Structure formats: structure tokens, C-alpha cells
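These notes are about the structure you will find just below.
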Amino acid sequence: MAALLLASFSLVFAQAAETELDSALLLLQSMQATPTIDTSKVDTPKVDVSKVDSAKVDSPKVALAPARPATPLKSVLYLGGGEHSAWYHLGVLYALESYSIPVDSVVGVSWGAFVGFLWAKGVPLDDVQRILLDPYIVHLVGHNEMDELNKEPKRTFEIPLSEDGLPSLRHRFSLSADTSGNLYRNVKELVPDTPHIQRVLARLRLQESLYRQPAGFTVPFAVERADGSLGKTVEDVYNVLPLRENKSNGELSPYLALPHKAQEGYLPLVSVSVPKTGVEETSPWQTVISRKALQELDSVPGVVIRAHTVQDSSRSAWIQAGFSAVERRLGEMMVLRPRMADYASNKRKSMPWFKFNPAYDSLSAELQSSVKTYWNVNDTGMVAPENFANGIMARPAYDSVSFTMTPTGDVRVNADAKPTFDVFAGGFGSNAIGPNVYAGVSASYVDQMEFDLTMPFFWGNESYGFMPRLKISRLWTYRWSLEFGYDLMKIRPLESFGNNTAAAMRIYSERRNDLTMAVNYRIDDLQLVSLNFLFGDRTFELNRALYKEYEFETYPVSPSLNYELLSGEKDRWFSQGGYAVNASVGMQSIGFKFGLSDVIPIYWKLAGEARFTYSPTDIFTLNVAAAGGLDAYHDEGHGYVYPESFDYRVLDNGFRQQVKATPWNTEWYNPDLASHHYGLLRMNVGLHRGWAGAWLFGAYVRDYEKNPSALLDENKFVLEPALRFVYKSITAYAGMSRIVDDHSLDELKKLKSYNYFVRIGNYDLF
């Protein structure tokens, strides 16, 4: 009898041992494959599954293999929301693929829906991670924009200075009316709304990432909407993302994707990105929602894939946490292993959209023709919408821009524009023209074309000016524009200025009553051609003691064709990079009345300048330039000659070309830098950092005409060291300047011979 009992116990023990051994072999077999995650291009944790400590698995050390059902179990993967959900779920999916755990369908919420949608489409996980790390959208991943709706924006005090132009305070606002006719004034920023541009580009990139995937799912997919219903379209996925425009997104409800009830034949795999300890929610309302959702986990059937704690907040740490959480639940997933999944065979390469096709149907008729000219048909990929958004938001009249992508690849473009006004006031001046008050108003409006009207004026030391400008752009295409201008001004420099000039050669003041027009055609982003017209009325005041008729009125008429090639900043003197070529060819005729009406015959005016700027570092700049000019007409029997004189040599200087040798010497007429025929070589260097800089200008001027009113010989040298301070439109330029010829070069060493100057404002009145 004892022998019989002993044999029975031995048989039972042997059967149990055999069963335990089979389970252990099955578990070891599942742990033989090492994850093959490409970490060369993506931030994926290196996980060696062969070294997994089985003691850490939240199940018996070696679980007994459950009885296999007659019909194999199917699995449903649930991917919820949360701040780190995108990266955590990515780690979960890496682990499921590495261990060949079959997933028969996916349900997602919030960022879990985004990751799940791409994975269910067959996108490789490395590509999914690259999409999440895309520079356009990485700042949105895991970020809940709903938190921003109830936050008061931090107001920082900033002086509303004009960004460029003359120094001035500026206030910008737009006007809009409701259906009842009530008028509203909306204050606008002076700089483009960069956060707005970043948001619309990020949203387009999100939509593009979803729409560009192949048709059909390799794994059935569904997104859980806020009302509990299911969907599977791109719009459904996009609408549950925690974006500002999605008022019923997945972070508000349902937050977690959970099975509502147990279904026979299905094993739910619930991925929860919130660890049990170690992480706090970012806002009180999120805490309430998440806690309520997490309380339901206790009654959830299936396998809950949740980390215990995550100490590191980096992306790689969350990916690793998701991977490790799957490993801890491998024992519970063994019932699925008889159907080892082959994920590699179903992967599809994800490629960005090469070229977008913009659609403008949503735009009003008033805006459509002008807005669509901002889209460059030659731009590809995200460069096209980015250039479009930056270009349109740089214009004051536009309030917003948005993109909506369609399944066909078309991008619906929408923009809003309102009449916009700028009111500005400030001042400028120097120790040449004295201080001047500056103020005005400008208006921008869009209706088929873009209209910009500016009406500035200044007033100072016996000087004044009113200079309205109207520009009509985007006429037929973005290439054409019209400009109209009117100058009503008087400039009278200070009495102390120009003491080095002989009294007989000094122009004491000038009054202008000029009408200007221009037709502009932009060849491409770098080149501009314009046809300009000048109809002038100018009166020069000379020395009253020397000239009986000390005021002389002239009537210049000058058409010209101008060409500009510009790469970099449009600043002759202080550009910090790029190159520029400016050329002009035109004609000029000057009527005048000295007792009897007379006219200077029509003559040609030619001028050109080329410059190149190089900045090897952020603090050093080198600029070199060459320029030249010629005024001449063909005189029968004498060939080409210089224009006729007024018989007053000082008046001739008013219409000679003014040589742009250094910034300071553009303040007023200088006989030594006025010529009907000249050549120029210029170089300047600058050491600058932030707002301040030290600059040294040097120039060589060759006067081929040999201006008879000049004090120096035809070979002239200019040296101008100066300090410059600049902040937005406020510019202060101070230093000393000296002009010598080849016979007086030694005077450059004598500091007492220099003219000292200070100038506030970046302007060129002549």
C-alpha cells in the first residue's frame, strides 16, 4: 500500500514538473529575441531582452500555462492620453513588436490615437518617432494647449518702438465692425505674431503626417471620441488631440482608452502613460480628470501596462518605461504567443508630402487675389506654407492665417485682414540739420490689391516736411506694384555747419515741391526693376550778401529705369551679410527762371553701385563697395559733354550727383563730393555686439569732371571712425570725419582737423 501511494505521488510530481518546464521553455523562447530598434537616428532606448530579470515580472516566477482555448484569443490594444503618452506608448509598441505579441486591433485617445493611427497604418516605429520629433510639431507632443485657455498671459513692459525707419513711438490697431454696425478697435503687435505662425504650421504638419499614410490599416484601428463613439478618420484623430481649437479633445474626455466590458475571446492590453508614483499633473483640472479615470483601472479586465515610477522626464526614459512595463506583463500575455506576429512584413515607408496644392475657396473675394500671390509655386514641402505664412503675417493689414489639409493633398488657405492704422511720433536730427520732431499716421487695407498710405511730417530748426506716400501692391501678381509720392519740404542746415565751405559755394537751404511716381516689377526674390518719374520744383537759397537774387527756382524732370539685386539686408552702410547691386539709367531736363525762362538740355544720368558684406563672426563685419556716376549728353561736333552750367557754379552742385562716400557725408551738399563724373572705392569694418558697435569707414573718390567749385584736387580720400548704437528704430551715430586729397594726406593724422558729428536716426533726405 505504501509503495502504491509513493508511485502515485511520484507520477503527480512528474506531471507538475513537466508542466512547469513547458511553461518555462515557452517563456524563455519568448525572451530569445533581442529588440532591433534603430537608435542611430532616433532617441530609442537600447533594451537587451536577454538580460531581463524574471524576478521583476509582476506575476509568479514561472506562471503555469493556461489551458489553450479552442479558439485563439485576440487582443485589443488601448492607448490613452497624458502628458508623456506619445513617448510611453512608443516604448510599449517597440516591446510588443520585439516580443512578437500579436495586436489584433487598436483603440486610441489623444496622443495615443495619433501614435496608434500611424502604427496601425504600418508606419515603422522609427518613422513614427521621427514624425514626433519633427521640428514643427515636437513642441506640441504631449503639450496640452487647453491649459493656456484659462491662463492670464504674462504682460511684460515693452516700449512700443517702431521696428525700423525714423525713431518713433508707434501704436498699431485695426478696425472691424459687427453685423449691427458697431465699430471695434483691436490693438495689434508691431512685430509678426511668431507663436501664431508656429501653431498653424504645426497643425498643418500634424494633418500632413496623418494624411500622407497609405490607404487602409494593417491593424484595425479606432479612435474614441469625447462622446464615447468610435471613429477612424484623420479628422477623428486630429479632433481628439489636445489643441486649442479642439474643445472636446481626448485630454478632457475620456482621457484614457479603456475597455467598457469584458468580451469573450478578447484580451485587452491597456497602456497607461501615468505611472503609479513619481509624476504630478500640470494643472488642477487635469488632476481631477486623470484621477477619476485611473480609479477605473481596478475594474478593467485584461492586462494593464503601467509603469511603477519614472524618475527621468526625458523622452528616452519614457520610451524605456513603456518597454519595461510590457516586459513586466509578459507572463500575462503568453496566452497570445501561439500566434507570434510578423510586424516587419506589414511595414510601409512614411514619406513627407513633396508639394502642397493650395486652395483658396474659403477666402473672401476681396482677399483671394492678393493672398494667393504669397504662395511661391516653386517651393516644396513645408517650405511653401512656412514662407507663405511668414510673408503674409509680415504685412500689417493681416490678422491671421490658417491651413486645413484635405485627403487629396490640397491645403485650404484662410486669412483675415482688417483696415489697420499706425500712429507714430518721435524725432531725428544731427548737428548738421538740428533736431526735428517727427510724427504721422499710416493705413493699410486689402481689397483685391494691397494699399499702404503713409502721411509723415517733420518740423525743426527752420526746416519742415510733409511726405505722403501711397503704395499699391499685388496688382496682377505679387510682382507688380505702383508708388506715388509727394515731397513738400524745406531743409535748412545749422549756421555753424559747412564753415569749411566757401560762402560763394554754400547752399543755405532748399525747398522742394516734388511729385514722384514708380512702377515696380519684381523679377524674383532678389531682383527688382522699377520705372521712376520725377516732376520737381526746387528752390535754392544762396548767400544773400553775394547774390542779388539769392533764391533760384528750378524745375527738374527726370525719368529713370532702376535695377536692384539684393541678397541680405537693404542697408548701404551697416549690413552684416550679403551683397547688392544697384544701377540706374535715366534722363534729366532742368527748367529754370533767372529773369528769363531757360532750360538745361536733356542729358543722360547713369549711376551704379555694387557692394559685398562678409561677417566671419557675429562681432566682426567687413564691407567693400565700388560705385560710379556720369551725367552727359551728346553735343553735335563735340561728342559727349557734361551738362551745361547755370552760370552759377554753386547751383550746379545742386544737380551734380552726390557721392555716397560715408554715412555722415550724406547730410548736406558738399562741393568736394559732388560731380558729374566720378568713381568710388569704399571699405568699412565694424566691431559690434548687441546694440553697440565701432565702425571705421574709408573711401577713395576720383572726380573725373574736376568740379571747379571743389576745394580739393580730383583724388580725394575720406576717413570716418564712429560709434553706433541701435535699438529697433533708434539709431545714434557719432564720430569724426575728414576729407583730404593726395596733397594733404598728412592731415589725416591731425585730430583737430576733423569734423565731429552726432546723428540720431537712420535717414537720407537727399
remark   = Subset of segment 627-648, residues exposed (fewer than 14 other Cβ atoms within 10 Å of the Cβ) and either within 26 Å of residue 709 (Cα to Cα) or among the small types (Gly, Ala, Ser) (or both), comes to 634, 635, 637, 638, 639, 640, 641, 645, 647
ask   = Has segment 511-518 got at least one residue that is within 29 Å of residue 651 (Cβ to Cβ) and touching a residue at least 40 places away in the same chain (Cβ under 8 Å)?
value = no
task = Can you tell me which residue among 243, 201, 256 is among the hydrophobic types (A, V, I, L, M, F, W, C) and surrounded by fewer than 21 Cβ atoms within 10 Å (Cβ to Cβ)?
result = 243
task = Show the residue pairs that are 6+ apart or on different chains and have beta-carbon atoms under 7 Å apart, the first residue being within segment 424-439 and over 19 Å from residue 507 (Cβ atoms), the second being of a type in the set (Ser, Thr, Tyr) and open to solvent by less than 20 Å² (accessible area, probe 1.4 Å).
result = 424/162; 424/168; 425/168; 426/168; 438/168
request  = Give me the pairs, please: first residue somewhere in segment 353-364 and open to solvent by 60 Å² or more (accessible area, probe 1.4 Å), second residue anywhere and of a type in the set (Phe, Trp, Tyr), beta-carbon distance under 9 Å, and either six or more positions apart or on two chains.
outcome  = 353/211
query = Looking only at helices (runs of 4 or more DSSP H) that fall completely inside segment 84-142, which ones have 1 or more residues that are among the hydroxyl-bearing types (Ser, Thr, Tyr) and over 18 Å from residue 246 (Cβ atoms)?
reply = 85-98
message = So for segment 737-750 (the condition being closer than 22 Å to residue 169 by Cα and open to solvent by less than 20 Å² (accessible area, probe 1.4 Å)), does at least one residue qualify?
response = no
task = Evaluate the following for residue 291: is it of a type outside the set (A, V, I, L, M, F, W, C) and either touching a residue at least 60 places away in the same chain (Cβ under 8 Å) or in contact with a helix residue (DSSP H, G or I) (Cβ under 7 Å, 6 or more places away or on another chain) (or both)?
result = no
query = residue 273 fails exactly one of the following numbered conditions: (1) surrounded by fewer than 18 Cβ atoms within 10 Å (Cβ to Cβ); (2) at pLDDT 75 or above. What is the number of that condition?
reply = (1)
request  = Report yes if some residue within segment 549-563 is aromatic (Phe, Trp, Tyr), outside any strand (DSSP E or B) and open to solvent by less than 40 Å² (accessible area, probe 1.4 Å); otherwise report no.
outcome  = no
inquiry  = Restricting to segment 242-276, name every residue that is more than 28 Å from residue 204 (Cβ to Cβ) and under 36 Å from the mean Cα position of the chain (by Cα).
reply    = 274
task = Inspect all residues belonging to segment 612-625 and state whether any of them is open to solvent by 20 Å² or more (accessible area, probe 1.4 Å), touching an Asp or Glu at 6+ places or on another chain (Cβ under 9 Å) and either part of a strand (DSSP E or B) or modelled with pLDDT of 95 or more (or both).
result = no
key: Flag for residue 388 being buried (at least 17 other Cβ atoms within 10 Å of the Cβ), on the phi < 0 side of the Ramachandran plot, of a type outside the set (D, E, K, R) and assigned to a strand (DSSP E or B)   = no
inquiry  = From the list 680, 723, 687, exactly one residue is assigned to a strand (DSSP E or B) and more than 24 Å from residue 500 (Cβ to Cβ). Which is it?
reply    = 687
inquiry  = It is to be established whether one or more residues within segment 165-181 are at pLDDT 90 or above, touching a Lys or Arg at 6+ places or on another chain (Cβ under 7 Å), under 26 Å from residue 394 (Cα atoms) and among the basic types (Lys, Arg).
reply    = yes
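The values are calculated or read from the model by the stated rules, or taken from the named source; none is laboratory data. Everything numeric here is computed off the predicted structure, so don't read it as measured data. Neighbour counts are summed over all protein chains in view; Cβ atoms, including those assigned to glycine, are modelled from backbone coordinates with ideal geometry. Quick note on the areas: whole protein, heavy atoms, side chains included, nothing else; ligands and nucleic acids left out. Shrake-Rupley method; radii C 1.70, N 1.55, O 1.52, S 1.80 Å.
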